[in-house]
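The structure appears below as structure tokens.
The values are calculated or read from the model by the stated rules, or taken from the named source; none is laboratory data. Model, not experiment: these values are computed from the prediction. Virtual Cβ from ideal backbone geometry, glycine too; neighbours counted across all protein chains shown. Quick note on the areas: whole protein, heavy atoms, side chains included, nothing else; ligands and nucleic acids left out. Shrake-Rupley method; radii C 1.70, N 1.55, O 1.52, S 1.80 Å.
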Amino acid sequence: MPLCRQRCNAAKDGGKVSLDVGGTATQRTLYRTIRAGDLKEPLRITNTGEDQVQAVVTVTGAPTTPEPAAEKGFKIERKTYTLAGDPIDAKEVKQNTRMVVVLKITESQPQFGRVVLADYLPAGFEIDNPHLVSSGDTGTLDWISDATEPVNTEFRDDRFTAAFERKADDAPVYTVAYVVRAVAPGTYVRPQAVVEDMYRPDRYGRTATESVQVTPAK
């Protein structure tokens, strides 16, 4: 995975922070963002104080090869349908086709948590109508089962996101959906849909990466 950003957060609980950061003395908690181009030489951070210091490093980037689908406490399935509820093979669709993307989450052992779902759009798709299909407002899409209304949703240019407040006695299966349109002819990568527990990074699930082709309208 190529490193595009690294955030180093050296923090501690109480006491006085004393660090050596690349040869420079620092007497405070350190927060720093480092881009790949800045890492030609290793950055060395040394705790020069008497108290313990906790270091947290977060790395973000894009994988050079697609990650496989995964189930770690959550299983997420992404399927595409017509507005009438008929399945569509999204690998090849005509320009201007409207589709319903249904995201079905199965939680192997429901428990209290704040769960976030993100479905990234291929470049040739755009969200057609920022209207979430929920248990209380399915409109004409009443064929969707296990629909659940999230506590928050976002309809961005590149993704659909939803957040859920989960409890241990909730149903293990819940579904959300949104409408997209194929707008630009071409062949595109359809990124993964990902679901995860905000405070339990060991609990997550993701679909496989796919390929889609949008053919010109005639």
Please determine whether any residue of the stretch 71-78 is modelled with pLDDT under 85 and out of contact with any His (no Cβ under 9 Å at 6 or more places or on another chain). no
Positions within the stretch 71-96 being open to solvent by less than 40 Å² (accessible area, probe 1.4 Å), within 15 Å of residue 124 (Cα to Cα) and outside any strand (DSSP E or B), in sequence order: 90
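To keep it simple, each residue is scored yes or no on (1) over 30 Å from residue 96 (Cβ atoms); (2) polar (S, T, N, Q).
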position: 178; (1), (2): no, no
position: 187; (1), (2): no, yes
position: 190; (1), (2): no, no
position: 193; (1), (2): no, no
position: 196; (1), (2): yes, no
position: 214; (1), (2): no, no
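Quick grid of which residues meet (1) modelled with pLDDT under 90; (2) of a type in the set (A, V, I, L, M); (3) under 20 Å from the mean Cα position of the chain (by Cα); (4) under 21 Å from residue 192 (Cα atoms):
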residue: 88; (1), (2), (3), (4): no, yes, no, yes
residue: 125; (1), (2), (3), (4): no, no, yes, yes
residue: 130; (1), (2), (3), (4): yes, no, yes, yes
residue: 133; (1), (2), (3), (4): yes, yes, yes, yes
residue: 145; (1), (2), (3), (4): yes, no, no, no
residue: 159; (1), (2), (3), (4): no, no, yes, yes
residue: 169; (1), (2), (3), (4): no, no, no, no
residue: 178; (1), (2), (3), (4): no, no, yes, yes
Complete set of residues in the stretch 209-218 that are surrounded by 15 or more Cβ atoms within 10 Å (Cβ to Cβ), in a strand (DSSP E or B) and of a type in the set (Val, Ile, Thr): 212, 214
Within the stretch 18-52, how many residues turn out to be at pLDDT 85 or above, touching a strand residue (DSSP E or B) at 6+ places or on another chain (Cβ under 9 Å) and part of a loop (DSSP other than H, G, I, E, B)? 6
Within the set of pairs 6+ apart or on separate chains, which have a first residue in the stretch 53-73 that is over 22 Å from residue 32 (Cβ atoms), a second that is open to solvent by 60 Å² or more (accessible area, probe 1.4 Å) and modelled with pLDDT under 80, and C-beta atoms under 7 Å apart? 63/1; 64/1; 64/2
